[in-house]
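Asker: First, the structure itself, so that you have it in front of you.
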């Protein structure tokens, strides 16, 4: 079973990577960019065959390792 | 207009970040993990109001800066 986790900085948390990308885009002439935020995506291939069990397991992974829940939020998508 | 770009390593390209996450998950007892790949997600806030124009602009950004098309592939989602 495939799962995808999106990890993004919570609103208000400074995002230097996003700011660097924004500046670089503007330097290249992309002036239509208002703001940029950069996050991570983690694609997991799981042995679990049950959607609910997979989601519960991935939630535990996020809480214990994948996301820093003080400053990051995560969204889990089970792709089946 | 909001756009989201997913950037992931092409299949076959070594992913040391993903491997590190996989090892760490296994060390924590998550033995149901078969493989892990890590990518980036870039959320753009664009001034463009036309979907097609926004997609064309983001494609140009990916080709010129956001993705290293030798080893990375990208997928663009226009969220409206």
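The values are calculated or read from the model by the stated rules, or taken from the named source; none is laboratory data. Being a predicted model, the structure only gives us computed values, none of them experimental. Using ideal geometry, Cβ is built from the backbone for each residue, glycine included, and neighbour counts are taken over all protein chains shown.
Asker: Which count do you get for residues in the stretch A:62-80 that are at pLDDT 95 or above and over 23 Å from residue A:37 (Cβ atoms)?
Answerer: Here is the first cut: in the stretch A:62-80, the ones at pLDDT 95 or above are A:62-78.
In the following step, the residues that additionally are over 23 Å from residue A:37 (Cβ atoms) were identified as A:64, A:78.
Final tally of qualifying residues: 2.
Asker: Considering only the stretch A:57-77, how many residues are surrounded by fewer than 19 Cβ atoms within 10 Å (Cβ to Cβ), touching a residue at least 60 places away in the same chain (Cβ under 8 Å) and not in a strand (DSSP E or B)?
Answerer: 1
Asker: Could you check residue A:80 against (1) over 20 Å from residue B:19 (Cα atoms); (2) surrounded by fewer than 19 Cβ atoms within 10 Å (Cβ to Cβ); (3) in contact (Cβ under 8 Å) with a residue 60 or more places away in the chain; (4) within 13 Å of the chain's Cα centre (by Cα) and say which number it fails?
Answerer: (4)
Asker: Can you tell me which of (1) under 16 Å from residue A:65 (Cβ atoms); (2) in contact with a strand residue (DSSP E or B) (Cβ under 8 Å, 6 or more places away or on another chain); (3) not in a strand (DSSP E or B) is the one residue B:38 doesn't meet?
Answerer: Every listed condition holds for residue B:38 apart from (3).
Asker: I would also like to ask the following. Can you pull out the residues in the stretch A:33-45 that are over 8 Å from the mean Cα position of the chain (by Cα) and free of Cβ contacts under 8 Å to residues at least 40 places away in the same chain? So that I can check it myself, show each step before the final result.
Answerer: To start, the set of residues in the stretch A:33-45 that are over 8 Å from the mean Cα position of the chain (by Cα) comprises A:33-38, A:43-45.
A:33, A:34, A:35, A:36, A:37, A:38 - these are the residues of the stretch A:33-45 that are over 8 Å from the mean Cα position of the chain (by Cα) and free of Cβ contacts under 8 Å to residues at least 40 places away in the same chain.
Asker: If you don't mind, another one. Can you tell me which condition residue B:12 does not meet? The list is (1) away from chain A (no Cβ under 11 Å); (2) part of a strand (DSSP E or B), and all the others hold.
Answerer: Failed condition: (2).
Asker: Please determine, by comparing only the residues of the stretch A:22-31 that are surrounded by fewer than 18 Cβ atoms within 10 Å (Cβ to Cβ) and facing another protein chain (nearest Cβ under 7 Å), which one is farthest from residue B:59 (Cα to Cα).
Answerer: Taking the stretch A:22-31 first, the residues surrounded by fewer than 18 Cβ atoms within 10 Å (Cβ to Cβ) are A:23-24, A:26-29, A:31.
Okay, now just the ones that are also facing another protein chain (nearest Cβ under 7 Å), so A:24, A:28.
Numbers: A:24: 15, A:28: 14 Å.
Residue satisfying both the conditions and the ranking: A:24.
Asker: Separate question: Out of B:54, B:48, which single residue is touching a residue at least 40 places away in the same chain (Cβ under 8 Å), more than 17 Å from the chain's Cα centre (by Cα) and not in a helix (DSSP H, G or I)?
Answerer: Working: B:54 fails: not in a helix (DSSP H, G or I).
Step by step, each of B:54, B:48 is checked, and only B:48 is touching a residue at least 40 places away in the same chain (Cβ under 8 Å), more than 17 Å from the chain's Cα centre (by Cα) and not in a helix (DSSP H, G or I).
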